[in-house]
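What follows is one structure encoded as structure tokens, with my remarks underneath.
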Amino acid sequence: MNGFQFQFSPVFARSDVLLEGLWLTLQLSAIGISLGALLGILLAMLRGLAPRALRWPVDTYVELVRNTPFLVQLLIIFFGLPSIGVKLTAEQAAIGAIVLNLGAYSTEIVRAGIESVHKSQIEAGLSLAMTRWQVFRHVVIAPALARVWPSLSSQFVLMMLSTSVCSFISVQELSGTAANVESDTFRSFEVYITVTAIYLALALVMRGLLAVLGAVLFPKGSGLGRLRTQSGR
């Protein structure tokens, strides 16, 4: 035994720095996940409705992003784009990478949900004199999102945790500020135990909030079942 003793007081003394990093992590996650989810839904709709000639760029984007590391995508955006005249701050590059990465995964998840909607449901919607947009909105996309919401929620949480990678381009999110605190206090174990606890709490709270949001957005009895009830009046 080397007589090692935990000393969390130096870490807690720098809690203001960690809170600043936590706040930036929340900002990156909120903006990136919101835009990434929207991008995924739009591309899944395009992938399902557009002519084949317009699908291949989406397919290429999805396969390219899903089969390359998030870190590489982040580095290309931050260090590569300036070579062609596109200069971004570290935070802007981080958000861009999050949106592009999550957009690809969300596209594939939502596409699976759309394909799970049986054609008979679409025909039933059309038989109620609904427009094609109304059918797609109420009969296709809403039930599809309800079915894949647990998968989307898991992907959102994973993306939030992946923001830690953004410290590689000097984004001072939670992991980045933790490295600064560690270098100041020399209490590596305590710093990263604390950060691990924060990430765990974030993930659990986020899962709970997403579950509540899913219950609000996709209540039981919504969708085609409600339309059938209305048509039987």
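The values are calculated or read from the model by the stated rules, or taken from the named source; none is laboratory data. Just so you know, these numbers come straight off a predicted model, no measurement behind them. Counting neighbours? That spans all protein chains shown, and the Cβs are built from the backbone with ideal geometry, glycine included. Areas reflect the complete protein model, heavy atoms only, side chains present, ligands, DNA and RNA absent. Shrake-Rupley method; radii C 1.70, N 1.55, O 1.52, S 1.80 Å.
So which residues in region 58-74 are open to solvent by less than 60 Å² (accessible area, probe 1.4 Å) and more than 18 Å from Met160 (Cβ to Cβ), if there are any at all?
If the condition is that a residue be open to solvent by less than 60 Å² (accessible area, probe 1.4 Å) and more than 18 Å from Met160 (Cβ to Cβ), then Val58, Asp59, Tyr61, Val62, Thr68 are the ones that fit.
Looking only at region 75-88, filter to residues that are at pLDDT 95 or above and β-branched (Val, Ile, Thr); which one of those is most open to solvent (accessible area, probe 1.4 Å)?
Ile76
Can you name the helices (runs of 4 or more DSSP H) wholly within region 1-109 that have at least 2 residues being under 15 Å from Glu173 (Cβ atoms) and among the small types (Gly, Ala, Ser)? Steps first, please.
Values: elements: 9-13, 15-49, 52-66, 70-75.
Filter on region 1-109 gives 15-49.
Go through (1) in contact with a helix residue (DSSP H, G or I) (Cβ under 8 Å, 6 or more places away or on another chain); (2) closer than 16 Å to Ile95 by Cβ for Ile76 and report which single condition fails.
(1)
Determine whether Pro51 is modelled with pLDDT under 95 and surrounded by 12 or more Cβ atoms within 10 Å (Cβ to Cβ).
Spelling it out, it is not the case that Pro51 is modelled with pLDDT under 95 and surrounded by 12 or more Cβ atoms within 10 Å (Cβ to Cβ).
Among what's in region 144-161 and is closer than 21 Å to Ile76 by Cα and open to solvent by less than 40 Å² (accessible area, probe 1.4 Å), pick the residue that is nearest to the chain's Cα centre (by Cα).
Met159
Could you list all residues from region 179-211 that are touching a residue at least 40 places away in the same chain (Cβ under 8 Å) and more than 17 Å from Phe6 (Cα to Cα)?
Listed by number, the residues that qualify are Asn180, Ile198, Leu202, Ala203, Met206, Arg207, Leu210, Ala211.
Which condition from (1) of a type in the set (Ser, Thr, Tyr); (2) more than 17 Å from Val165 (Cβ to Cβ); (3) open to solvent by less than 50 Å² (accessible area, probe 1.4 Å) is the one that Ser29 breaks?
It is condition (2) that Ser29 fails.
Among the residues of region 101-139 satisfying the criterion of being over 23 Å from the mean Cα position of the chain (by Cα), under 30 Å from Ile31 (Cα atoms) and surrounded by 13 or more Cβ atoms within 10 Å (Cβ to Cβ), which is modelled with the highest pLDDT?
This residue is Val117.
For residues that are under 16 Å from Thr185 (Cα atoms) and among the hydroxyl-bearing types (Ser, Thr, Tyr), tally how many sit in region 3-40. First the steps, then the outcome.
Let us first name the residues in region 3-40 that are under 16 Å from Thr185 (Cα atoms), namely 4-18.
Now narrow it down to the ones that are among the hydroxyl-bearing types (Ser, Thr, Tyr): 9, 15.
Of the residues in that region, 2 qualify.
Looking at region 164-184, which of its residues are open to solvent by 30 Å² or more (accessible area, probe 1.4 Å) and assigned to a helix (DSSP H, G or I)?
Once the filter is applied, which keeps residues that are open to solvent by 30 Å² or more (accessible area, probe 1.4 Å) and assigned to a helix (DSSP H, G or I), region 164-184 yields Ser164, Val165, Ser167, Phe168, Ala179, Asn180, Glu182, Ser183, Asp184.
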